[in-house]
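Chemist: The structure under discussion is supplied below as structure tokens; questions concerning it will follow.
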Amino acid sequence: MKLNTMAGVMSFVSKIENDSASFYRNYAEKYPELESIFLSWNKENSKFEKNIKRTYYGVITDTLESNYAFQGLDTDDCNFETQLPEDADSSEAGKKAREIEETIKNFYLKAAQLSDGLMADIPRLFRKIAKKREERCQALESL
Amino acid sequence: MTVKRLQNFINGEWIDASTDKFVEIINPARGTVLSEVPMSTKADADAAVKAAQDAYPDWRNTPPVARARYLHRLIELMEDNFNELSIVQTTEHGKTIDESRGETRRGIEMIEVASGIPSLMQGYNLEDIAHGIDEYAINQPLGVFCCIAPFNFPFMVPLWFLPFAIACGNTFVVKSSPRTPMSQVDLFKLLEEIDLPPGVVNLVNGANEAAEALMDNPDMKGVTFVGSTPVGRQIYRKCGETGKRVIVQAGAKNYVVIMPDAVLEESTMVSLSASFFGNAGQRCLAGGNLLVVGDDEAYKRFMDRFVEGASKIRVGDGLDESVQMGPVQNAESKQRVVGVIEKGIAEGAKLTLDGRELNLVGDVPEACFLNPSIFENVTPDMSLAREEIFGPVASVVRAKDLDEAIDIIHDNPYGNASSIFTNNGKWARQFQHDVNAGNIGINVGIVAPMSFFPFGGRKDSFFGTLHGQGRDVIRFFTDPKIVITRWF
């Protein structure tokens, strides 16, 4: 689905943050070696969502080009599975987490690029969260 | 199912209007009846003014810092109810949910600025204007003011005035738009919650009879109005006759100039789409005429992109988050805009993009919808170029250079806003200096002043002296009293 408006992006951001948070919450207990990192990311996701919403509600005004600022953004580019096979081991869980983080990072980077100069503080925040996602990928890599 | 009837808020209470005339408020995107608004009478308006007048002596004696605290509480409540306030605007007006949220934010920003009243309202003084004699200017409130609100920004526009007025120690009456009254009712529910003394703020729902009564009332000290130029001119005349202060922010036909060196990046094209088609073109700061300067090649390069962008705009119910443009506010508005399009064709302009051919998102009734329209070959003397359309229609005019472009802008009766898109500082500076409009945009499509700046307007777009918002509106709502002292 194409995302054209800031409102649409906000709803989608909530979805991807919640979906990925539930992945971390659901599998933290199953993989003790990943538990602390997954639980902290579960918590951090809700912080990301809150920050984005706060920034959006703080900067949205009737003169921002919010209805036209995301031309080319597509939810199909940010699809990820949050289920693991029953017999998946911790390395597969880590790999899945990396896929999720990579996908979300790319979504934020594209959204930031498209809305540059149009949506006040939003692109900067998107890039900041993308950077955090990159740090997560690196952390998973080093496990 | 019983449709909810709106009430007036007078002297701290919700009361029925003394009328048997009601008008249905219809969601333009869905055709559903949302409520019924009473056509309040002169007696209702007079009751509101009396309540405001009775509340005034105590309210003006309330310290400014205490008055500001009420506004702090209002901000908190508005933040808590941000989304609900925005949804009402979309359902009663048709604008997209992002546009409504933007309107809510703008409203809150007004209150934030007004809550700085202990600083904003300060007067000034000078010791020793003569030997041993000092002089002070003390800014004092005046009494009861009102706002006659428009339909296009039904929530925000009264907030250009109300918070500043009451922060200054005046009392206030809002006459909501008879087409979009529900968001004011919701705002007043929050005003009720902050527990202002009864009569400090009052809401009267209705149309001409209530508005006339407010203006005729001898206790009314000043009137603020945002709306069309013909009505604004009448209000200005009436207030002049009765000696009331007045701010009239009226109609517009804003030119957006595209110079040959304009950076035609995606962000520029987005900015232009928002300017011409945002709020379905129903805003006094909307681009109306696109003035393209340059040769045929530059013109074609620009127009191809502009038309393509406009043709892709998704039109539908503003609550659908994929929708970029909602309907116009009612079926009569649509018919009026269709009439303008037909007249434009008859005058010889070329209809490059015909918004009458509907392409809508979802299953919505067509009654109030139009897609974006673009006219080319428009000349400055055509009605398309001269008259305010208040709908999603762009009229493209051409000029050979900036001097001719500025002459064309000045030939237009309105002077609300004008923008230029260029990378050339000299052209931008000339435009800013020479163009006779109240708000100038340089690479900005919608020149909406922030709450801490006055909202300008010239020629047939503004009647009055002081403007809404910013320091101007503090001066409007106060009068400097001069005190000269000498002690023996």
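Just so you know, all these numbers are worked out from the coordinates, no wet-lab data involved. Everything quoted here is computed from the prediction, not taken from an experiment. Cβ atoms come from the backbone with ideal geometry, glycine included; neighbour counts cover every protein chain shown.
Chemist: Tell me which of A:SER66, A:ALA130, A:CYS78 sits at the most positive position along the dipole axis of chain A, charges placed on C-beta atoms (Lys, Arg +1; Asp, Glu -1).
Modeler: Of A:SER66, A:ALA130, A:CYS78, it is A:SER66.
Chemist: For chain B, what is the relative contact order in percent, using Cα pairs closer than 8 Å and at least 6 residues apart in sequence?
Modeler: Contact order relative to length: 19 percent.
Chemist: Roughly how many Å is it from the Cα centre of the range B:434-463 to that of the range B:270-297, as a whole number?
Modeler: Value for the Cα centre distance between the two parts: 15 Å.
Chemist: In addition: Apply the Debye scattering formula to the range A:64-139, with a single equal point scatterer on each alpha-carbon and no solvent, then give log10 I(q)/I(0) at q = 0.12, 0.13, 0.18 Å⁻¹.
Modeler: -0.41, -0.47, -0.75
Chemist: When the dipole is taken about the Cα centre of the range B:254-442, and only Lys, Arg (+1) and Asp, Glu (-1) are charged at their Cβ, what size is it in debye, to the nearest 20?
Modeler: 180 debye
Chemist: Run the numbers for B:PHE453 and B:SER311: contour at 0.36 nm per residue of separation, minus the present Cα-Cα distance, in nm.
Modeler: This chain segment gains 47.6 nm when fully extended.
Chemist: Right, here's the next one. Pop the C-beta distance of A:ARG127 and B:GLU112 into the FRET formula with R0 = 30 Å and round what comes out to the nearest 0.05.
Modeler: The calculated FRET efficiency here is 0.60.
Chemist: Specify, per residue and in Å³, the volume enclosed by the convex hull of the alpha carbon atoms belonging to the range A:2-141.
Modeler: Considering the Cα atoms of the range A:2-141, their hull volume per residue is 88 Å³.
Chemist: Let me ask something additional. Using the charge dipole of chain B (Lys, Arg: +1 at Cβ; Asp, Glu: -1 at Cβ; taken about the Cα centre), state which of B:PHE306, B:ALA55, B:SER177 has its Cα farthest towards the positive end.
Modeler: Most positive-ward Cα: B:ALA55.
Chemist: To the nearest 20 Debye, how big is the dipole of the range A:2-141 about its Cα centre, given +1 on the beta carbon of each Lys and Arg and -1 on that of each Asp and Glu?
Modeler: 660 debye
Chemist: With N set to the residue count of the protein assembly as shown, report its C-alpha Rg divided by 2.2 N^0.38 Å to two decimal places.
Modeler: Working it through for the protein assembly as shown, the quotient is 1.05.
Chemist: Sum -39500 (n - 2.57) across every DSSP H segment of at least 4 residues in chain B, then divide by the residue count to get the 222 nm mean residue ellipticity, nearest 500.
Modeler: -12000 deg cm²/dmol
Chemist: Given that compact globular proteins tend to follow 2.2 N^0.38 Å, what is the ratio of the alpha-carbon Rg of chain B to that value?
Modeler: Normalised by 2.2 N^0.38 Å, the Cα Rg of chain B equals 1.01.
Chemist: Let me ask something else. Calculate how steeply helix B:331-346 sits against the longest principal axis of the alpha-carbon atoms of chain B, using the helix alpha-carbon long axis, and give the answer as 0 to 90 degrees to the nearest 10.
Modeler: 40 degrees
Chemist: Which value in Å is the Kirkwood Rh of the range B:254-442 over different Cα pairs?
Modeler: 16.6 Å
Chemist: Check B:GLY123: other-chain or 5+ apart residues with amide H under 5 Å from its amide H, H built from backbone geometry?
Modeler: It is B:ASN139, by chain and number.
Chemist: So what is the relative contact order of the range B:237-384, in percent, for Cα pairs below 8 Å that sit 6 or more residues apart?
Modeler: Dividing the mean separation by the residue count of the range B:237-384 yields 20 percent.
Chemist: What does the average come to when, for each residue of peptide A:5-11, you count the partner chain Cβ atoms lying within 10 Å of its Cβ?
Modeler: 6
Chemist: In addition: Quick one: which residues, 5 or more positions from B:ARG5 or on another chain, have an amide H under 5 Å from its amide H? H modelled 1.01 Å from N in the peptide plane, none for Pro or chain starts.
Modeler: B:GLU36
Chemist: Continuing with the same structure: Take A:ASN18 and B:ARG233, extend 7 Å from each Cα along the Cα→Cβ direction, and tell me the distance between the two endpoints in nm.
Modeler: With each label placed 7 Å out from Cα toward Cβ, I get 5.4 nm.
Chemist: In what sequence do B:TRP427, B:TRP487 fall when counting other Cβ within 10 Å, fewest first?
Modeler: B:TRP487, B:TRP427
Chemist: For B:ASP381 and B:ARG471 in the same chain, what is the full-extension length gain: residue separation times 0.36 nm, less their Cα-Cα distance, in nm?
Modeler: Gain in length upon complete extension: 28.6 nm.
Chemist: Just how large is the dipole of chain B about the Cα centre, in debye to the nearest 20, putting +1 at every Lys and Arg Cβ and -1 at every Asp and Glu Cβ?
Modeler: In total the dipole reaches around 700 debye.
Chemist: Specify the inter-centroid distance of the range B:320-392 and the range B:8-68, based on alpha-carbon positions, in whole Å.
Modeler: 34 Å
Chemist: Given the C-alpha centroids of the range A:92-143 and the range B:201-252, what is the distance between them in whole angstrom?
Modeler: With the range A:92-143 and the range B:201-252 each reduced to a Cα centre, they are spaced 53 Å.
Chemist: Here's something else I'd like to know. Could you give me the ³J(HN,Hα) list for the range B:33-47, computed from phi with Karplus coefficients 6.51, -1.76, 1.60 and θ = phi - 60°, whole Hz, x at Gly and Pro?
Modeler: These are the phi-based 3J(HN,Hα) values: 7, 9, 6, 10, 9, x, 8, 4, 9, 4, 4, 5, 5, 5, 5 Hz.
Chemist: Let me ask something else. For B:LYS459, go through the lysines and keep the ones whose alpha-carbon is under 24 Å away, minus same-chain ones fewer than eight residues off.
Modeler: The reachable lysines, counting only those whose Cα sits under 24 Å from B:LYS459, are B:LYS238, B:LYS244, B:LYS253.
Chemist: Helix B:402-411: angle to the longest alpha-carbon principal axis of chain B, degrees 0 to 90, nearest 10?
Modeler: Once rounded, the angle reads 60 degrees.
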